[in-house]
Amino acid sequence: MRRAGDKLLRRALLAQAHTTALRIRAFTDDAANTPHQLTTGSRRALADLTALRTRWQRATHAPATPRSPAVPRAGPRLRATAASPATRVSR
């Protein structure tokens, strides 16, 4: 079953790459587009491709090991619990 899932994801990735290329080509072929419009449209098209690529990587690679929470190096200590209502400062 894993082999079929990999094949499906690979095909979806290639199809999305083709669609992305067509969208970017449409932006470049339109002489009315400004460089800003070309850049913005291309980035949006590439965002769709990146989202699919990220899904593929998450599905085909082992999950990352969880990291321990960051420890502050300086500054006041963080409270482990919320402050009680009696310690509120009144105006």
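Things to note:
- The modelled label-to-label distance between residue 37 and residue 12, using points 7 Å beyond Cα along the C-beta direction, is 3.3 nm.
- Relative packing of peptides 12-25, 31-44 - highest average C-beta neighbours within 10 Å first: 12-25, 31-44
- Net lengthening on full extension, residue 47/residue 65 (0.36 nm per residue, minus Cα-Cα): 3.8 nm
Read-outs throughout are calculated quantities, based only on the coordinates presented, and are distinct from any laboratory measurement. Predicted, not measured: the structure shown is a model, and the values here were computed from it. All Cβ positions, glycine included, derive from the backbone under ideal geometry; neighbour counts span all protein chains shown.
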